[in-house]
1. Cα centroid distance between region 93-120 and region 127-185, in Å?
2. Taking the Cα atoms of the chain, what is the range of coordinates along each of the three principal axes, in descending order and whole Å?
3. Can you give me the % of accessible surface on the chain that is carbon or sulfur? Probe 1.4 Å, all protein chains present, nothing else counted.
4. If you consider only alpha-carbon coordinates, what radius of gyration and Dmax does region 98-185 have, in Å?
5. Could you pull out every residue, at least 5 positions away or on a different chain, whose amide H is within less than 5 Å of the one on Phe95? Hs are placed 1.01 Å off N in the peptide plane, and Pro or chain starts have none.
6. What number comes out for accessible area per residue over region 61-185 if the probe is 1.4 Å? Units Å², please.
7. Pop the C-beta distance of Thr61 and Thr89 into the FRET formula with R0 = 35 Å and round what comes out to the nearest 0.05.
8. Out of His147, His96, His55, any idea which swings most in a Gaussian network model of the chain, alpha carbons joined below 10 Å?
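The values are calculated or read from the model by the stated rules, or taken from the named source; none is laboratory data. Computed from a predicted structure; not experimentally measured. A quick note on method: Cβ atoms are made from the backbone with ideal geometry, for glycine too, and the neighbour counts reach across all protein chains shown. Just so you know, the surface numbers come from the protein's heavy atoms only, side chains and all, with ligands and any DNA or RNA stripped out. Shrake-Rupley method; radii C 1.70, N 1.55, O 1.52, S 1.80 Å.
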Amino acid sequence: MVSSPMEEALRQDIAPWARSGGLLLRQARRAASLNQKALASVSGTSRTTLSAYEHGRKSPTLETAGRILDAAGFRLTLEAKVECATLATRDGRAFHVPSRLGRLPVAAALGVARIGGRSYDLADRGERRAAYTALLCEGGPEELLAHVDGVLLVELWDELALPEEIRGAWRPLVEEAREEAGVMN
């Protein structure tokens, strides 16, 4: 079978998604302690088809992927992508601001954060305030996304000692989160 250049380009664009989707299905199956035959049986697909999905040789429809994940005890969900903008203070120090505030799992939101060689117990309000101040001023994108919980940030916002440039850059996110919370109440 001869492929057109367009079909070949599309196949190359889809290949990484097929591989990562296959990895996702394989991880779910293993986490559920199921072999391919058992998961295929309970999800209504064949073992050979499940193997092809797991190895990226075929891509399931969204419905089929959801059915397989459900059979393994998982849910296919949509999660908003968060990107961080890099900004600079007047004196040239870089800081980062995410495109949206997210919620963290409780263990991460109230766990221990290691920032700049210091550990903070985020379950302690005072330490969380100090950690959030350090994170908003000096934290990298990965640190921000790993340790700053949107609801907890909004709760502490008025107590944070932030340079006005940094406060101004984060303010729209906090105000948006406050508005959303007000709508939900």
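1. Cα centres, region 93-120 to region 127-185: 10 Å.
2. In descending order, the Cα extents are 62, 40, 39 Å.
3. Numbers: 6350 of 11710 Å².
Here it works out to 54 percent.
4. For region 98-185, the Cα radius of gyration and maximum Cα-Cα distance read 12.3, 39 Å.
5. Leu87, Ala88, Thr89
6. Details: 7580 Å² over 125 residues.
For region 61-185, the solvent-accessible area averages 61 Å² per residue.
7. Values: r = 49 Å, r/R0 = 1.39.
It comes to 0.10.
8. Ranking His147, His96, His55 by mean-square fluctuation puts His55 first.
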